[in-house]
1. Enter the angle in degrees (range 0 to 90, nearest 10) between the Cα long axis of helix 501-513 and the first principal axis of the Cα atoms of the chain, meaning the one along which they spread out most.
2. Compute the acute angle (0 to 90°) between the alpha-carbon long axis of helix 606-618 and the principal axis of greatest extent of the alpha-carbon atoms of the chain; round to the nearest 10°.
3. Based on other C-beta atoms within 10 Å, arrange 664, 111, 430 from fewest to most.
4. What length, rounded to one decimal in nm, is gained on full extension from residue 401 through to residue 554, with 0.36 nm per residue of separation minus their alpha-carbon distance?
5. Grab the alpha carbons of the range 451-592, take their convex hull, and tell me the volume per residue in Å³.
6. Please provide three numbers in whole Å: the alpha-carbon extents of the range 215-317 along the principal axes, with the largest listed first.
7. In vacuum, with every alpha carbon of the range 510-599 counted as one equal point scatterer, what does the Debye formula give for log10 I(q)/I(0) at q = 0.18, 0.25 Å⁻¹? Two decimals, please.
8. So how do 614, 88 line up by other beta-carbon neighbours within 10 Å, fewest first?
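We did not get these values from a lab; they are worked out from the coordinates using the rules stated. A quick note: this is a predicted structure, and the numbers were derived from the prediction, not measured. Here the Cβ is made from the backbone with ideal geometry for all residues, glycine too, and neighbour counts use every protein chain on show.
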């Protein structure tokens with residue numbers, strides 16, 4: 001449901017390309033002294049070329065939208081049980097619902113959250129890690145080797161020279177799984193208040209390793225945190241720092257619990273009243289389907305104005321929480337991993353029986369599908385069909401033991417995850433045969449959507465009205481690659497200033513990509529005016545002011561960073577940005593603890609490591625500088641500045657072997673060298 005990092009990059013560049021065609025896009029200069037009476041417009045736009053550029057050229061900023069950093073910080077207290085307010089956890093349900101609770105514990109949903117490795121089937125883990133093959137991420141050139149040392153688990157990232165000699169090796173611990181283990185298993189480790197994913201997954205069905213779906217188009221390596229979106233579909237609502245979505249507190253729930261489908265249970269646990277809890281079976285069919293679709297629906301979506309990924313409550317319409325668009329026409333022979341609801345509602349069966357057909361027609365939410373017999377699935381079909389009404393070929397029916405699902409719901413590899421084999425929930429009279437497991441996916445072929453349609457249209461609903469709908473549609477169009485339509489809708493949506501953070505972030509990134517930091521910062525500023533604690537806006541705004549703004553704007557940048565750090569004290573990105581600014585303004589003593597906090601909170605705080613190396617060089621501590629440079633090298637193996645400083649450091653320490661090893665890397669990777677984490681670095685590190 002989220003945009004993969006690689007696709008996001010191309011999305012931003014494509015939108016930026018549309019903006020660039022009208023390089024003089026109308027706007028107002030942000031990088032000025034705060035609280036100025038008015039914004040000054042940049043140069044007038046040239047004659048627009050095309051509808052997208054024409055729309056973008058008309059974008060006007062509202063000068064009244066300015067962030068107020070003096071607003072009180074968000075507060076959120078836990079309930080007495082340690083759960084978010086209103087929640088009690090599944091354990092509180094067991095005394096009255098023991099039989100259902102015991103049955104549900106065998107369901108994969110109950111075990112699909114983040115769990116420590118010790119809580120996972122050790123025989124499965126031993127088999128996986130002892131026989132692990134090397135997985136290659138070809139675009140980046142990195143390879144991954146999972147291995148174990150007793151009951152400790154690791155993954156090594158490495159890159160070799162053409163002659164086979166190792167140029168880079170980085171080992172990270174694996175301490176958690178994300179998944180029940182019946183299909184794919186993702187792995188992670190915790191550092192600070194965030195959980196960080198590793199690039200490889202294991203498929204117990206096939207018994208082999210492969211790249212996680214988020215690493216197939218590009219390689220974020222170890223920089224990808226498990227987001228609130230991931231957790232919101234893999235577990236109960238976790239306790240997290242107030243104002244944040246992915247900085248967690250306390251133990252994370254091990255899976256999806258009772259309250260994800262029945263709503264917050266504190267009141268019901270106190271009164272026992274039926275009216276104080278949601279029973280999805282008593283909801284209208286559309287809302288029953290919505291309970292499942294909150295996670296089993298894939299498309300391009302945005303939360304509605306004022307909502308976040310944890311705010312859905314069973315019983316409300318899904319479109320009041322999040323509005324979805326799906327590809328149109330949908331491919332009959334290809335389906336996404338989490339597209340169950342969309343595929344189902346496209347079925348002729350659903351269209352003919354939308355008042356009665358829902359997920360629970362076939363699935364018992366309290367019983368594992370693995371506990372069901374193959375004949376059990378036919379019972380849902382038998383509510384409308386009889387064996388005598390089937391006109392299928394007898395020989396073909398015999399191949400699947402005359403089970404409906406075997407003929408009409410094909411099993412195949414999802415378009416976005418090659419590791420799995422799953423059931424396509426589009427019930428078709430004659431489904432397309434499954435392709436070869438190693439056939440290129442639609443993503444790999446570069447196939448683009450021809451169009452899109454609102455999910456509400458497919459289910460015969462009208463979305464909850466709101467001035468955010470235009471911006472949501474614009475974001476979806478851009479994410480589907482329909483850039484002219486997306487740009488036009490985004491600009492129209494911006495005119496009414498709906499609270500759709502994705503729209504602002506997308507435009508800000510596009511402005512950055514074409515070298516218009518003033519418009520990028522203005523976009524973030526407009527978002528902060530309505531959502532002062534939006535993490536990406538605070539961070540992007542501060543970075544732009546520090547990098548491109550006049551000195552008088554730096555105070556606002558620090559206010560934004562300080563607010564972010566006050567909300568999440570171990571936000572490594574905010575700490576890193578503030579620490580570097582302190583270092584650049586010669587406040588070395590104040591900078592060091594901030595930078596150390598950044599590297600403690602993140603496995604990829606490479607800029608902070610380089611800054612600490614500079615501080616050590618300024619203090620004539622060559623050994624300390626080398627230690628930080630080695631950490632930076634693991635994060636960015638081909639950063640020329642890091643390698644050259646490291647070589648010089650080993651020379652100064654009288655370590656010729658280490659110096660020679662760095663020289664070998666410099667020689668072997670000369671064409672790949674750049675300044676990925678040191679581009680901000682002063683020309684002369686030492687004073």
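1. 40 degrees
2. Rounded to the nearest ten degrees, it is 20.
3. Values: 664 13, 111 23, 430 10.
Ordered by Cβ neighbours within 10 Å, fewest first: 430, 664, 111.
4. On the way: separation 153, 0.36 × 153 = 55.08 nm, distance 7.12 nm.
Taking residue 401 through residue 554 to full extension adds about 48.0 nm, to one decimal.
5. Details: hull volume 18.1 nm³, N = 142.
Spelled out: Cα convex hull of the range 451-592, divided by residues, is 128 Å³.
6. Projected onto the principal axes, the Cα atoms of the range 215-317 cover 49, 32, 26 Å.
7. Here log10 of I(q) over I(0) equals -0.76, -1.26.
8. On the way: 614 27, 88 22.
If I rank by nearby Cβ atoms, fewest first, I get 88, 614.
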